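Trainee: So that we are looking at the same thing, I have put the structure below in structure tokens.
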Number of protein chains: 2
Amino acid sequence: MAESPAQNSLLKSLEPLGEGTPLAQQIFDMIGHSKFFDDFNREDIQMLAGFMQIYRAEPGGMIIREGDIDDYMLLIIQGKVDIVKTDKRGAIQPMTAVGPGMTLGEMSMIDGEPRFATCIAVEPTTFAVLSRDAMVRLIIEEPSLGAKLLIKLVTLLSQRLRQTSSTLLHYMER
Amino acid sequence: MAESPAQNSLLKSLEPLGEGTPLAQQIFDMIGHSKFFDDFNREDIQMLAGFMQIYRAEPGGMIIREGDIDDYMLLIIQGKVDIVKTDKRGAIQPMTAVGPGMTLGEMSMIDGEPRFATCIAVEPTTFAVLSRDAMVRLIIEEPSLGAKLLIKLVTLLSQRLRQTSSTLLHYMER
């Protein structure tokens, strides 16, 4: 995982609330029921929070923009985010909406390719940002927690790939 | 990643060639150009080979069967493998063919869900098997190599998810 030039320019337009540690308890409470973090204990979350930055977006605030080159994933702590994508006719198509405990943007954090879709806050939204550099540091400084996070990412992507492949087959067989 | 009951029954029908270490040089030579292992050095491959079991399948030999519950991924060292899937009408549909250096079966190794497709050797094929248990041991005993492997898996799945999502959108927009 080479370091890549990241713009992360959208983040500069949002309100930074600082490093995640002071919010670790809140993160733990809010994502306690999240599938992504269901086997992270309080200590894991406390440690992870130290590698994350917290931001806040107002309704209408763009958090991720399709086509951008940047390298963070985010965890929604509070609020609601719409995911939309531009179709080939240039129209904006809603894909899905996600809430607390959900993660966004893992693909670009991992592979450095342009953002696949746009994410827009539809409520006042607080989220934690994990950059690629922070993940690399996490893996080096806390290998056991790093492995836990990587296993989570691998599992999440595998499940999404299964779902997407099944949906694709459904369309192809029609 | 909890350990799960694995049948791995198909492997019992294939010819085992033992643990990977004696084949580490061959593995290294053959997958030297493989994208999956492009930043694994000789020492990494040597270590990884110790966690893998080598098998051989004759043409027509089934390596992975759609719907099976088992928990290994495999790396093709030599030969060629067809990937096919049963469509909803019960007909066998070819999906793709893969050769040396390619990996198969990561999704079930990771998430323990049933196999998505069937893999059949079309040439005499030698492949290395990495089970979920072996991967867990690798992560615990060799955290740095474990992280390297997990990062590879995460990257691979992310790229496949992008491709599959793009293809799906293409079909949905038609």
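Trainee: Taking amide hydrogens as modeled 1.01 Å from N in the peptide plane, which residues meet the under 5 Å criterion relative to B:Leu17, leaving out close sequence neighbours?
Mentor: Amide H to amide H, under 5 Å and 5 or more residues apart or across chains, B:Leu17 pairs with B:Ile54, B:Tyr55, B:Arg56.
Trainee: Let me ask another. Rounded, prolate or oblate: which one fits the range B:54-174, using the alpha carbon gyration tensor with axes a ≥ b ≥ c (rounded when a/c is under 1.5, else prolate when a/b beats b/c, else oblate)?
Mentor: Since a/c reaches 1.5 but b/c is at least a/b, the shape of the range B:54-174 is classed as oblate.
Trainee: Rank A:Arg89, A:Arg56, A:Arg65 by mean-square fluctuation in a GNM of chain A with C-alpha springs under 10 angstrom and give only the top-ranked residue.
Mentor: A:Arg89
Trainee: Round to the nearest 0.05 the FRET efficiency obtained for A:Thr96 and B:Glu113 when R0 = 25 Å and r is the Cβ-Cβ distance.
Mentor: Calculated transfer efficiency: 0.75.
Trainee: Check which residues have an amide H placed less than 5 Å from B:Gly61's amide H, if you skip close sequence neighbours.
Mentor: B:Ala121
Trainee: While we're looking at this one, here's another question. Summing Lys, Arg as +1 and Asp, Glu as -1, what charge do residues with Cβ under 13 Å from the Cβ of B:Lys12 carry, B:Lys12 excluded?
Mentor: Overall, the nearby charge balance is -2.
Trainee: Just to verify a number: FRET efficiency for A:Glu58 and B:Leu17, C-beta to C-beta distance, R0 = 56 Å, to 0.05?
Mentor: 0.35
Trainee: Distances in nm, one decimal, shortest first, from B:Thr86 to the same residue in every other copy, taking the label point 7 angstrom along Cα→Cβ.
Mentor: Taking the point 7 Å beyond Cα along Cα→Cβ, the inter-copy spacings are 4.4 nm.
Trainee: Run the label-point distances for A:Arg65 please: 7 Å along Cα to Cβ, every other copy, nanometres, shortest first.
Mentor: With the label placed 7 Å along Cα→Cβ, A:Arg65 yields 5.3 nm.
Trainee: Whole-Hz ³J(HN,Hα) for each residue in the range A:108-123, computed from phi via Karplus 6.51 cos²θ - 1.76 cosθ + 1.60 with θ = phi - 60°, x for glycine and proline: what do you get?
Mentor: The phi angles translate into 6, 4, 7, 9, x, 7, x, 4, 7, 8, 9, 10, 10, 5, 10, 9 Hz.
Trainee: Separate question: Averaged across the residues of B:93-106, what count of C-beta atoms belonging to other chains lies within 10 Å of each residue's C-beta?
Mentor: Taking the mean over all residues of the peptide, I get 1.
Trainee: Okay, helix-only estimate at 222 nm for chain B: each DSSP H run of n ≥ 4 adds -39500 (n - 2.57), divide by all residues, round to 500 deg cm²/dmol; what do you get?
Mentor: Helix-only estimate at 222 nm: -11500 deg cm²/dmol.
Trainee: If r is the Cβ-Cβ distance from B:Val122 to B:Ser144 and R0 is 30 Å, what FRET efficiency results, to the nearest 0.05?
Mentor: 0.25
Trainee: What does the charge count near B:Ser108 come to, summing +1 for each Lys or Arg and -1 for each Asp or Glu among other residues with Cβ under 10 Å from its Cβ?
Mentor: Charge balance in the 10 Å sphere: -3.
Trainee: Could I ask something else about it? Any idea what angle helix A:143-173 forms with the longest principal axis of chain A, computed on alpha-carbon atoms, 0 to 90 degrees, nearest 10?
Mentor: 10
Trainee: Another question, then. In terms of the Cα gyration tensor, with a ≥ b ≥ c the square roots of its eigenvalues, is the range B:108-174 rounded because a/c is under 1.5, prolate because a/b exceeds b/c, or oblate? Display every interim value, and only then the final one.
Mentor: Values: a/c = 2.46, a/b = 1.47, b/c = 1.68.
Oblate, because a/c is 1.5 or more while a/b does not exceed b/c.
Trainee: Would you work out the relative contact order for chain A, in percent, from Cα pairs under 8 angstrom that are 6 or more residues apart? Mind dumping the intermediate values first?
Mentor: Values: 319 pairs, mean separation 44.8, N = 174.
Relative contact order for chain A comes out at 26 percent.
Trainee: Here is a follow-up. Would you mind counting up the charge near A:Arg162? Only other residues with Cβ under 13 Å from its Cβ, with Lys and Arg at +1 and Asp and Glu at -1.
Mentor: 0
Trainee: What does the average come to when, for each residue of peptide B:141-151, you count the partner chain Cβ atoms lying within 10 Å of its Cβ?
Mentor: For peptide B:141-151, the averaged partner shielding equals 4.
Trainee: Okay, next question. Under a 10 Å cutoff between Cα atoms, tell me which one of A:Ser108, A:Ser131, A:Ser144 has the largest fluctuation in the Gaussian network model of chain A.
Mentor: Comparing A:Ser108, A:Ser131, A:Ser144 in a Gaussian network model of chain A, the most mobile one is A:Ser144.
Trainee: Whose amide H sits under 5 Å from the amide H of A:Lys80, counting only residues 5 or more places off or on another chain, with H placed in the peptide plane?
Mentor: Here the answer is A:Val122, A:Glu123, since their amide H atoms fall under 5 Å of that of A:Lys80.
Trainee: Give the average, rounded to an integer, of partner chain Cβ atoms located within 10 angstrom of each Cβ in A:165-172. Write out the running numbers ahead of the final one.
Mentor: Working: counts 11, 2, 5, 8, 8, 3, 7, 5.
That average works out to 6.
Trainee: Ordered shortest first, which distances in nm separate the 7 Å Cα→C-beta label point of B:Asn41 from those of the other copies?
Mentor: 3.6
Trainee: For the range B:66-83, just list the computed ³J(HN,Hα) in residue order, Karplus coefficients 6.51, -1.76 and 1.60, θ = phi - 60°, integers in Hz, with x standing in for Gly and Pro.
Mentor: Couplings: 3, x, 5, 9, 7, 9, 10, 10, 9, 10, 7, 8, 8, x, 8, 10, 8, 10 Hz.
Trainee: For the range B:17-26, in order, what is each residue's ³J(HN,Hα) by Karplus, 6.51 cos²θ - 1.76 cosθ + 1.60 with θ = phi - 60°, in whole Hz (x at glycine and Pro)?
Mentor: 10, x, 6, x, 3, x, 9, 4, 4, 5
Rule-based calculations on the coordinates, nothing more; no lab input. Quick caveat, the model's predicted, so the values are computed rather than measured. Here the Cβ is made from the backbone with ideal geometry for all residues, glycine too, and neighbour counts use every protein chain on show.
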